[in-house]
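Following: one structure in structure tokens, then a few remarks.
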Amino acid sequence: MEKVQLLMRKVTARTGLLALAIAVCFILLILFIGHYSNGTIPGNSDLQARYTLEPATHLDFMSEWDGPHYLHIAKYGYTDNSLTAFFPLYPLLIRLAMFVLSSPLISGLLVSWACLTGAIYFYLKIVGELINKDINDKILGVMLFLFFPTGVFLAATYTEALFAFLLLGSFYCALKNRLLWSAILSALATAAHPEGIFIIPLIMLVLWENKHSLIKIVGVGLSGLVGILSYIVYLWLVKGKPLDFVHAQRGNHWLSSHYLSTIASSITAIDVLVFVLAVAAVFYWWKRHVALSVYSLLFVLLPFVGGNFAGYSRYLLMDFPLPLMLLSLFRRSRLAFPVVLTISTVLWTFYVIHYAAGYIGG
């Protein structure tokens, strides 16, 4: 027993080891639930919903809907214009991993899991900076982040884990005035996900709050555009259509001309719940940390600018001020915090089961 306690103290004393331990437990839990539910719930018969090229891995349930598209791009490139909606950094990293591993699926999962560990590391650090350095509060904060209803996408062959790693890393470096690293990570983030553009005002406001000079603020902000501009140049040179990724979004019913009807038909009860929480985060952080308030506001506006709520609850995974708000409000309550975490975990379990069966992809 004493050896176990000593081991636990060593793990919790080192943020990197703690992040790795949490990531492993989280991934194993998802794999267990997904594998079990696959044996009890009939899978979606829609072939477009599931990755079917590597059944021998027994992990194909971790790549559904958008997941196979990333694996296809990693192996074959942008063979269809509709695929340009998926930003290039994640499939590029999968491609690099495939020089060692022949399996696109295993390569994609390992990239996601490594990035998940990094995202947890930075989240633990951010909780320590903004909320409390107590290890218990850090762990509770990470639980709210991971067990967000759509947290399953952090462990799947989606770009969410990579984007979370770059987003949280860039934000933490900005908090600690490590401007070069913040600029590098934000540039990579804009090459990883369309929402990466949200990082630019976030980082610029953090630097403004930290009283940096205007030149440094603008310089770091502009550096964040390098990733998305590189993708635009690539599409221009290869396809002759620099904004092809914008047009591709219309195929997913974003930026539709049927604005109101598309919003009405795409919204779900969970979307309403997370939308209300995002609005609450805007008001909560306004007088505490304006950068976090403005960042959350961008997620509130997102479905109305894009004209669609499809995938909204997944996009809200990256609204990290939201779980930070919940932690700050309820961490000292013996009743409210367990209730909030229980509700979130129940919804998370629902998403894991239905994602593994191929019924939910966003």
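Take region 279-299 and flag every residue that is surrounded by fewer than 18 Cβ atoms within 10 Å (Cβ to Cβ), free of Cβ contacts under 8 Å to residues at least 40 places away in the same chain and among the β-branched types (Val, Ile, Thr). If the condition is that a residue be surrounded by fewer than 18 Cβ atoms within 10 Å (Cβ to Cβ), free of Cβ contacts under 8 Å to residues at least 40 places away in the same chain and among the β-branched types (Val, Ile, Thr), then VAL279 is the only one that fits. Scanning region 38-66 for residues that are in a helix (DSSP H, G or I), in contact with a strand residue (DSSP E or B) (Cβ under 9 Å, 6 or more places away or on another chain), of a type outside the set (A, V, I, L, M) and in contact (Cβ under 8 Å) with a residue 60 or more places away in the chain yields one hit, PHE61. Across region 330-357, the number of residues qualifying as surrounded by 24 or more Cβ atoms within 10 Å (Cβ to Cβ) and either among the aromatic types (Phe, Trp, Tyr) or not in a helix (DSSP H, G or I) (or both) comes to 1. No other residue among LEU317, LEU292, LEU327, LEU322 is in contact with a Ser or Thr (Cβ under 7 Å, 6 or more places away or on another chain), within 20 Å of LEU175 (Cα to Cα) and assigned to a helix (DSSP H, G or I) apart from LEU322. Every condition in (1) outside any loop (DSSP other than H, G, I, E, B); (2) surrounded by fewer than 16 Cβ atoms within 10 Å (Cβ to Cβ); (3) at pLDDT 90 or above; (4) not β-branched (Val, Ile, Thr) is met by HIS35 except one, and the failing one is (3). Against the numbered list (1) more than 28 Å from TYR359 (Cα to Cα); (2) among the polar types (S, T, N, Q); (3) touching a Leu at 6+ places or on another chain (Cβ under 7 Å), SER107 comes up short only at (1). Quick one: in region 89-115, of everything that is surrounded by fewer than 22 Cβ atoms within 10 Å (Cβ to Cβ) and not hydrophobic (A, V, I, L, M, F, W, C), which residue is modelled with the highest pLDDT? Of everything passing the filter in region 89-115, ARG95 is modelled with the highest pLDDT.
Suppose we filter LEU140, LEU167 for residues that are touching a residue at least 60 places away in the same chain (Cβ under 8 Å) and crowded, with 24+ Cβ neighbours inside 10 Å; which single one remains?
Only one candidate passes the filter, namely LEU167.
In summary, GLY361 fulfils each of the numbered conditions (1) part of a helix (DSSP H, G or I); (2) under 18 Å from the mean Cα position of the chain (by Cα) with the single exception of condition (1).
Conditions tested, residue by residue: (1) touching a helix residue (DSSP H, G or I) at 6+ places or on another chain (Cβ under 9 Å); (2) among the acidic types (Asp, Glu); (3) modelled with pLDDT under 95.
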{"residue": "TYR123", "(1), (2), (3)": "yes, no, no"}
{"residue": "ASN132", "(1), (2), (3)": "yes, no, yes"}
{"residue": "ASP137", "(1), (2), (3)": "yes, yes, yes"}
{"residue": "THR150", "(1), (2), (3)": "yes, no, yes"}
{"residue": "LEU162", "(1), (2), (3)": "yes, no, no"}
{"residue": "PHE165", "(1), (2), (3)": "yes, no, no"}
{"residue": "TYR172", "(1), (2), (3)": "yes, no, no"}
{"residue": "GLU195", "(1), (2), (3)": "yes, yes, yes"}
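For the subset of region 19-32 comprising residues that are modelled with pLDDT of 95 or more and surrounded by fewer than 14 Cβ atoms within 10 Å (Cβ to Cβ), which member is nearest to LEU110 (Cα to Cα)? Among residues in region 19-32 that are modelled with pLDDT of 95 or more and surrounded by fewer than 14 Cβ atoms within 10 Å (Cβ to Cβ), the one nearest to LEU110 (Cα to Cα) is VAL24.
Of all residues in region 228-262, those satisfying the criterion of being touching a helix residue (DSSP H, G or I) at 6+ places or on another chain (Cβ under 7 Å) and either on the phi > 0 side of the Ramachandran plot or at pLDDT 95 or above (or both) are HIS253, LEU255.
From the list GLY196, GLY221, the one residue that fits, being buried (at least 24 other Cβ atoms within 10 Å of the Cβ), at negative phi and either assigned to a helix (DSSP H, G or I) or over 20 Å from the mean Cα position of the chain (by Cα) (or both), is GLY196.
The values are calculated or read from the model by the stated rules, or taken from the named source; none is laboratory data. Since we're looking at a predicted model, the values are computed, not measured. Methodologically, a virtual Cβ is constructed for each residue, glycine included, from the backbone with ideal geometry; neighbour enumeration extends over all protein chains shown.
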